[in-house]
Amino acid sequence: MKNKIKQLLSPTFSRRDFMKSTSAVGGLAAIAGSISLPFKSSPVAAATTSEEKVVWSACTVNCGSRCPLRMHVADGEIKWVETDNTGDDEYGNHQIRACLRGRSMRRRVYNPDRLKYPMKRVGKRGEGKFKRISWEEAFDEVANNLMRIRKEYGNEAIYLQYGTGTLGGTVTKSWPPGSSLLARLMNLSGGYLNHYGTYSTAQIAAGLPYTYGSGANNSFSDIENTKLIVQFGNNPAETRMSGGGQIHHLTVSKSRSNAKMIVIDPRYTDTAGGREDQWIPIRPGTDAALVAGMAHVMIKEDLVDQPFLDKYCVGYDEKTLPASAPANSDYKSYILGRDTDGIEKTPAWAADITGIPADVIIKLAREISSTKPCAIFQGWGPQRHANGELTARAISMLSILTGNVGIAGGGTGAREGNTSIPFVRFPIPENPVKTSISFFLWTDAIFRGVEMTAKADGVRGKDKLDVPIKFIWNYAGNSMLNQHSDINRTHEILQDDKACEMIVVIDNHMTSSAKYADIILPDLTTSEQSDFCMDGAAANMPYFIFASQAIKPVFEARSIYDICTEVAKRLGIEKEFTEGRDQEGWLRHLYAETRKADPSLPDFETMREKGIYKRKTEHFVAHESFRKNPESNPLATPSGKIEIYSERLANIAAEWELPKGDVIHPLPVYTSTHDGWDDPKRNEYPLQLTGFHYKSRTHSTYGNVEQIMEAAPQQIWLNPIDAQQRGIKHDDPVRIFNERGEIHLTAKVTPRMMPGVTALGEGAWYAPDKKGVDHGGSMNVLTTLRPSPLAKGNPQHTNLIDVQLLTKA
Ligand SMILES: Nc1nc2c(c(=O)[nH]1)N[C@H]1C(S)=C(S)[C@@H](COP(=O)(O)OP(=O)(O)OC[C@H]3O[C@@H](n4cnc5c(=O)[nH]c(N)nc54)[C@H](O)[C@@H]3O)O[C@H]1N2
Ligand SMILES: Nc1nc2c(c(=O)[nH]1)N[C@H]1C(S)=C(S)[C@@H](COP(=O)(O)OP(=O)(O)OC[C@H]3O[C@@H](n4cnc5c(=O)[nH]c(N)nc54)[C@H](O)[C@@H]3O)O[C@H]1N2
Ligand code: SF4
Ligand SMILES: [Mo]
C-alpha cells in the first residue's frame, strides 16, 4: 500500500500508461481497439517547450470542500499536482490544502475510463455497447430528438437529472441543475421539468424549516466559545476534508475552547478518531427516540429552559399551543405520555429503541442541560432515513429545550453554518415550465408519470404530471444508476427505451450511468479549461479560485459551453444563448459584475495570476437577532417563533395521501419505519445497513483511481460479534444481500461498528457479473425507491440486509 501511495504522489504517470490502460477497459475497449492511436497523434498536444510551468486549477467535485490545485505542466502534460501555497499555518490565513483525492487529479484526467469521442448506443440500453460518431452527428441527433420529443409531449417531458460532479464551477456548474448552462439552454427553448430537494439534504431541508424557518446553525469557528460539542451523525473528517474544509475549523476552534466532544453515530468515525471524549453508538433511524428519552429527564428534573420556551417557542406546553391544536398535542404531553399514544418516553423506553443504555441517556441529558453554552450539530446521516424529516427536527429540540439557540457557543442543532463571498452567476432565464417533482422520483416519473399527483407524490406547481419523462439530460452526474436507489429496479425502468426515449450523458468517464446513455458527449475536465470555482463549506474563511486551463483538451472532448452552444445553434437560439460571448468572455463579464458589487476584489488578471482569493469573516451565530429581539426580528415561520408544534405540518398530515406506515406529524416525534430496527422483516434480514460518505471517493468520483481505492478499500463494516456469529473473519469475502440485490465484497470486522448494524461507503463503482451480483460494493443495489413521507426523499441509510461468509461453490 505504501508503494501505491508513493506512486500516487510521484510524477511518473506516463502517456503510455494512459494509452495502455485505455485498451484494457471494458466498454471502451472496442473503440480503443478499432481506432489505433499512434504515439505521435497522442491526445495531449505536443508542447513547444519542455520547460515546466505551474498552472492554478481546482477540484470542483461535491465533497463540501473546494480545493486549489497547482498543476505542474511540461510537454503539454500534467506531470504532478500540488496544492495551495499561499498563506501560512496561522488559522484564518491558512492554506487550503487539497486532500489525496484532489492531488490525484491527473489520474482522473488521464484515466483509462476517460470518454474520448461522442458515441451512440448500439446495443440494448445499459449494455454498454457504443459506436463512435462525429460531433456533428451527435449534436444533430440530440437536437432532433429534443425537437421531436418537445413537439410530441411538450417541454414537461424533458428532465435535467441531478448531477453534482462539477458543482464547484461557474461556467461548468452542474448543480443545482436550474443554475446550469443546460437550464439556460432549455429555458430559452420552452423549459424543462424541474426538481426540488437533493440526495444530500432532502429530509432535513424539508423538515427543519417548519421549526426554524431555515436550516441555519452557528459556524464551526464559533466552537471556540463553547463548553460542550455534540455531533449527531456528523463526520467532517471525511465529508469536509482539506485545509479549507470544516474539519480544519472544528479542530482549531475545539483546541481553542478545549470543549468536550460527544459523538453520536452507529460508527466510530474519523471525526471521533481520538478527538472525542465519548462515543455513543446508536441504532440508525432512532435519534428522535434518544432525544425524547433525554427530554423526559430534562422535564422530570426541571432542567429545561422554561423562560426561553415560553418567550421564543410555540407548542412546548399547552400555554403556547396554537388555537387549532387539539388538547394534549403539545411536546411536553407527548414526552409525558399524555397524548394519544399514551406512552411515557422514559429513558428505559428510549434505551429499547436506540440500543443506548438508560443510564447513558440520563447522564447525557443532565450534561447537555447543565453545560452552557452547548453546541449541537447534526450531519446529514441521521436525516437520510425513512423518518429523516422528524429526526432532523427532533435533534434540534435539544438546543431548543436548553435555550442554546441564537447565542455564541450555542446553536440550533442543524448542520454547521458557512459564509461565502457573493459571486454573480450565469444568468438563467425563468423556466416556462412550472411543474417540479422530487429529485428522487424521476424513476417513477418515467414509468408512472401521469399517475403522479401533488397529494400522493409531492408534485409541485400542478395537481398532477401530464406527461412522463421522455428525455433526460444527465450532466456531471452518476445518479442515473450508481447514486440512485435500487439499481436492479432502476435498470429495468431505464432499459425500456420506449419509456424514456432519449438519455444524453455528458461526463468525463465511462460510469455506470454513462452506460445507460443513448448519446454520450465527452466533456472537458477542469484541467482543460478556465473557470471560477467556489462554494466550499468553509466556515468563516470563504474563498474562490481562478482555475486556468492547464492542458489542451484530450482526444475530442469539448466543453459544456461549446456543447450547449452547438445545440443552441440547431435549436435556432445560438445568439440568445451566447449573447456574443465565448467562455473567457463570460468569465470576464461575470467577474466584472461581481466586482461592481464588491470593488475590493482583485481584478481579473490578478486573479488569473494569483489563483486564489481568501477572506476572513466573523463567526456566524444563527438567529442571533431573533434571540436579542424576537418581535422585531421574527423567524421565517408563520408565527415568527420556533415552532415545536407546526400547524402547517398538522394540515399537511391531514391532507396528504400517505402509504401505510408513513408519518407526517406536527411535533418532532419518533416513529418506527419500514426497513428499520423493528421491522418484522428483520427475521429474514437481521442486520441494519447504513451508508456513509467515504474518504476514498467523492460519491463515485475518484472511485476509479486505483491507488486511492487501495489506500482506503471498499469493505462492509461489521462488528466482531456479528462476524463471529457468521464465521466471518477480517478481510473474508462475504455475500451481502436483501430482497433487492446482492453484493460480493470483503468484510472489515471492527469494533468501530455497533453490533447489529453494518455500514458501506456509498459511491463505489457498480460492477455486476452476468447474474447481476455486484462485485464493486455499490450499496444502491440494496436501497429502496420508496420515498420518505414529507420530502419524498431518499432513505438511503435505512436498510436491512444479511451477510454470509462467501464460500466457493
Ligand atoms: N446509498 C447512497 N447513495 C447516495 C448517497 C448516500 O449517502 N447513500 N448520497 C447521495 C448524495 S448526498 C449525493 S449528493 C449523490 C451524488 O450523486 P452524483 O451527483 O451523481 O455524484 P457522483 O457520483 O460524484 O457523480 C458525479 C459525476 O460527474 C462526473 N464529473 C466529474 N467532473 C466532471 C466534469 O468536469 N464534467 C463532467 N461532465 N462530468 C464530471 C463524474 O465522472 C461522475 O460521473 O449521491 C447520492 N447517493
Ligand atoms: N470524502 C467525501 N466527502 C463528502 C462526500 C463524499 O462522497 N466523500 N459527499 C459530500 C456530500 S454531497 C454530502 S451530501 C455530504 C454528506 O454528509 P453526511 O450526510 O453528513 O455524511 P454521511 O457519511 O452520510 O453521514 C454522516 C454520519 O452519519 C452516520 N449515521 C448514519 N445514520 C445515522 C443515524 O441514524 N443516526 C446517527 N446519529 N448517525 C447516523 C454515519 O455513520 C456517518 O458517520 O458529504 C460530502 N462530503
Ligand atoms: S475531493 Fe474535496 S477535499 Fe479533496 S481536493 Fe477535492 S475539493 Fe478538496
Ligand atoms: Mo450530497
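Points to keep in mind about this one:
- Compared with the dominant principal axis of the Cα atoms in the chain, helix 560-570 is inclined by about 70°.
- Computed across the chain, the Kirkwood radius stands at 27.4 Å (inverse of mean 1/r, all Cα pairs).
- Net charge of neighbours whose Cβ lies under 14 Å from the Cβ of Tyr670, counting Lys and Arg as +1 and Asp and Glu as -1: -4
- Beta-bridge orientation, segment 680-805: approximately 65 percent antiparallel, per DSSP, counting only bridges with both partners inside.
- The portion of the accessible surface of segment 680-805 made up by carbon and sulfur, rounded to a whole percent, is 54 (1.4 Å probe; DNA, RNA and ligands excluded).
- Added length on full extension, which subtracts the Cα-Cα distance from 0.36 nm per residue, Asp302 to Gln725: 147.8 nm
- Extension gain from Lys129 to Lys79, taking 0.36 nm per residue of separation minus the Cα-Cα distance: 14.7 nm
- Whole-Å distance, taken between Cα centres, linking segment 630-651 and segment 371-402: 18
- Built amide H within the under 5 Å cut-off of Gly417, gap 5+: Asn217, Asn218, Ser219, Phe220
- Segment 246-297 - accessible surface per residue (Å², probe 1.4 Å): 27
- Lysines with Cα under 20 Å of Lys116, excluding same-chain neighbours fewer than 8 positions away: Lys20, Lys40, Lys129, Lys131, Lys515, Lys552
- The residues packed around Ala325, meaning those with a beta-carbon under 10 Å from its beta-carbon, carry a net charge of -3 if Lys and Arg are +1 and Asp and Glu are -1.
- Rounded FRET efficiency, nearest 0.05, which uses the C-beta distance separating Ser255 from Asn629 and R0 of 25 Å: 0.15
- Using a simple spin-label model with pseudo-atoms 7 Å out from Cα toward Cβ, Glu344 and Asp88 lie 6.1 nm apart.
- Inter-part distance where segment 535-551 and segment 754-809 are each reduced to a Cα centre, Å: 34
- Separation of alpha-carbon centers, segment 462-476 and segment 101-120, rounded to whole Å: 29
- Accessible area of Glu706 (1.4 Å probe, protein heavy atoms only, ligands and nucleic acids ignored): about 110 Å².
- Between Val450 and Gln278, the simple label model (points 7 Å from Cα in the Cβ direction) yields a spacing of 5.9 nm.
- Simple label model, 7 Å out from Cα along Cβ direction - Val773 to Asp466, nm: 4.9
- Table column - 3J(HN,Hα) (Hz), segment 746-751, Karplus curve with 6.51, -1.76, 1.60, x for Gly and Pro: 9, 9, 9, 8, 8, x
- Helix 287-300 vs. the chain, principal-axis angle (Cα, 0 to 90°, nearest 10): 30
- One decimal place: the segment Phe426-Glu706 gains 97.2 nm when fully extended, by the rule 0.36 nm per residue minus the C-alpha distance.
- When the residues Asp466, Asp523 are ordered by accessible surface, computed with a 1.4 Å probe over the protein chains alone, the sequence from largest down reads Asp466, Asp523.
- For segment 673-687, 3J(HN,Hα) per residue [Karplus equation, 6.51 cos²θ - 1.76 cosθ + 1.60, θ = phi - 60°, Hz, x = Gly/Pro]: 9, 4, 6, x, 4, 10, 5, x, 4, 5, 4, 8, 10, x, 9
- Across segment 178-192, the residues whose backbone nitrogen lies under 20 Å from the label position 7 Å along the beta-carbon direction of Lys575 are 184-190.
- Working ranking of peptides 206-219, 258-271 by packing, defined as the average number of other Cβ atoms within 10 Å per residue, highest first, is 206-219, 258-271.
- Cα long-axis angle, helix 135-153 against the chain (0 to 90 degrees, to the nearest 10): 50
- Under 18 Å of direct C-alpha separation, and excluding same-chain neighbours fewer than eight residues apart, Lys771 reaches these aspartates and glutamates: Glu127, Asp486, Glu492, Glu739, Glu742.
- Taking a straight line from the alpha carbon of Lys792, these lysines sit under 19 Å away, with near neighbours fewer than eight places off in the same chain left out: Lys434, Lys455, Lys462, Lys464, Lys660.
- Amide H contacts for Lys79 (H built 1.01 Å from N in the peptide plane; partners 5 or more residues away or on another chain; cut-off under 5 Å): His72, Val73, Ala74.
- These residues, Tyr153, Tyr670, go from largest to smallest accessible area, 1.4 Å probe, as Tyr153, Tyr670.
- Estimated FRET transfer efficiency (Glu655, Val54; beta-carbon r; R0 60 Å; 0.05): 0.50
- Across segment 328-335, coupling constants 3J(HN,Hα) worked out from phi with the 6.51/-1.76/1.60 Karplus curve, θ = phi - 60°, read 6, 9, 7, 5, 4, 5, 4, 5 Hz, and Gly and Pro carry x.
- Applying 1/(1 + (r/R0)^6) with r as the Cβ-Cβ distance of Asp582 and Leu806 and R0 = 41 angstrom yields a FRET efficiency of 0.15.
- Radius 14 Å from Cβ of Gly410, net charge of other residues (Lys, Arg +1; Asp, Glu -1): -1
- Under 5 Å, built H, 5+ apart or other chain: amide partners of Asn478: Thr164
The values are calculated or read from the model by the stated rules, or taken from the named source; none is laboratory data. Please read these numbers as outputs of a predicted model, since none were measured by experiment. Cβ sites come from the backbone with ideal geometry, for glycine too, and all protein chains shown count toward neighbours. All accessible areas refer to the heavy atoms of the entire protein, side chains included, with ligands and DNA or RNA removed. Shrake-Rupley method; radii C 1.70, N 1.55, O 1.52, S 1.80 Å.
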